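What follows is a short report on a single structure.
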């Protein structure tokens, strides 16, 4: 076979047809849903081409003339086969108009059957067809069946790649629609300010935050004019600072509506550049924070009144009763602690919900990337790009774990653990992390009792503390890590109440660094608070450790003074439980039986990714997008394992598990979730897998569940 010309006008020559058509395999493993159009009204060309197309595993439709040919073409057509004489003799303007209006992903392939020496480089008519039809391959007659099937397969594969591009475009469009839905649901307005043209683009929600209707204009000058005069100066300074330095723009200010109404808005934006570093834009979101600001003002006023009354009452009591002054002081501290707890709990609920939803998105990204790497041959550059995407998604997953730890909602794997062995095993990692300028000292007794911890999270917490200590000692110093057993007795009046009485293992991390003053120390565990420069810390490290310690029924204690270093202590409870059994061996996972698995998830992206991973492991998979549909399937099918998401509308995963066990009491069930807690009214214990999970984790959990007794 010889090929000449460009992609838009190839000429393929072969041997004459002889004997029966050569049978061929389908071009891909995908089910046949499209068709091949044939236009060969003269001679035996139509019959031969139809037989060969069908031998290639494709459906063929023969058209009598150009009108019928044009009417049959649609976006699902694989490719078209036509004789040169049928096209040259026809009015191709309607067909040319159709091809010119194809979607961006589509470039319909044509195979044109020519007479000998009738290619585009020899015949003006063929060259004209190449120009009019675009994606054309010329096949000279007579041809060999193998040549024709090869050309058909090439055209089919090219069309399938176009279909894949269409699917990716649809996914991107769906993602954009979800983003817009999220913005509308959260009453967040989007805005974009082009610094080169001075044009401000805003969404309808954003316009409403400035008292404008959706059909009204809102220029940058209008926005500036709507800022309250008392806030205009600092707002414009913040804009200029972001433009000059490139730092993120975040500010709250009052805006005056056209009807005189005064509202508070919060604007958060960042500088965005094109690939060449030009065309600077400020892109961000706006939200109405009037209710919060009013509540803060009201609270501030109430606090002032309360403080005034407390001061008056304190003066009266000072004159007569000093163990009373102490009681009032304790009450004030308790009230302040209560306000902080309420504030952190509110932020934690919001953070936990956002992290849970983000975990679902990362689940789809990581799962699809893992399958893509296994199933598609990648050149070195593409492999690096896939690895980069996987690493980015894994960093996102690690960040969500920090968020969930702060919100005390991450799914912990709490088991009895020898904390001494764990810390010793981190010695080399800690030495590399702190560097050669810092002396690392470790004091670990040999007879420590086991503690109830999540080993991975404790390792992450210790590494965070070590890195914080390193950053606090830029000129070198000493980092001491020690473990000891501590017994906490009954609380006495006036003592700290952050930890319950009992036996604990205490992990102490002490540095000789810069230390913190009292004000900084008080804020150290607040979310997103950081003393590091922008880009060198998320402000979630200590808040994550605090959330982890509380979730483990322990505590995080910090003490520090400027110039005298910092002491961080993680207290975790002791247990008499034995160490857990060894994990399943790799051979046990690989030898696990192939099963019929029912996957239930209301998120189509998550469901698709999980199904692909399970089928790649050799399991037979049935999909359901709701609890009701899953129960119907369980009634009518033999299911070996149920894998269900927890957070679903109408019927959550735990409720589905209860109903499923009524149908099949012995059914193994695996619950997928990013949360640690189940509702208090669900009386069922289920093995769980935390999102986002990878294929290897999924295989391990399936092997464990199928071999374990039903709970």
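The values are calculated or read from the model by the stated rules, or taken from the named source; none is laboratory data. In this text, all values refer to a predicted model and were calculated from it rather than measured experimentally. Here the Cβ positions follow ideal geometry from the backbone for every residue, glycine too, while neighbour counts run over all protein chains shown.
The table below lists the values:
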read-out	value
Criterion: more than 15 Å from residue 155 (Cα to Cα), touching a helix residue (DSSP H, G or I) at 6+ places or on another chain (Cβ under 6 Å) and surrounded by fewer than 18 Cβ atoms within 10 Å (Cβ to Cβ) - qualifying residue of 41, 94	94
Count of residues meeting criterion [within 22 Å of residue 451 (Cβ to Cβ) and modelled with pLDDT under 85] in region 481-517	8
Conditions (1) under 21 Å from residue 481 (Cβ atoms); (2) outside any loop (DSSP other than H, G, I, E, B); (3) at pLDDT below 90; number of the one not met by residue 571	(3)
Lone qualifier among 387, 454, 379, 446 - being modelled with pLDDT of 75 or more and outside the structural domain of residue 549 (by TED's automatic domain parsing)	379
Options 140, 164; residue that is in the same structural domain as residue 76 (by TED's automatic domain parsing) and surrounded by 14 or more Cβ atoms within 10 Å (Cβ to Cβ)	140
Some residue of region 127-136 being in a helix (DSSP H, G or I), within 20 Å of residue 161 (Cα to Cα) and in contact with a helix residue (DSSP H, G or I) (Cβ under 9 Å, 6 or more places away or on another chain)	yes
Flag for residue 460 being crowded, with 20+ Cβ neighbours inside 10 Å, touching a helix residue (DSSP H, G or I) at 6+ places or on another chain (Cβ under 9 Å), at negative phi and at pLDDT below 90	no
Filter result (in a loop (DSSP other than H, G, I, E, B) and either under 16 Å from residue 267 (Cα atoms) or in contact with a strand residue (DSSP E or B) (Cβ under 6 Å, 6 or more places away or on another chain) (or both)) within region 207-218	210, 211, 218
Filter pass, residue 601 being modelled with pLDDT of 75 or more, out of contact with any strand residue (DSSP E or B) (no Cβ under 9 Å at 6 or more places or on another chain) and surrounded by 14 or more Cβ atoms within 10 Å (Cβ to Cβ)	no
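So that you can scan it fast, the table gives a plain yes or no per residue for (1) exposed (fewer than 15 other Cβ atoms within 10 Å of the Cβ); (2) assigned to a strand (DSSP E or B):
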{"position": "628", "(1), (2)": "yes, no"}
{"position": "633", "(1), (2)": "no, no"}
{"position": "642", "(1), (2)": "no, yes"}
{"position": "650", "(1), (2)": "yes, no"}
{"position": "655", "(1), (2)": "no, no"}
{"position": "662", "(1), (2)": "yes, no"}
{"position": "665", "(1), (2)": "yes, no"}
{"position": "700", "(1), (2)": "no, no"}
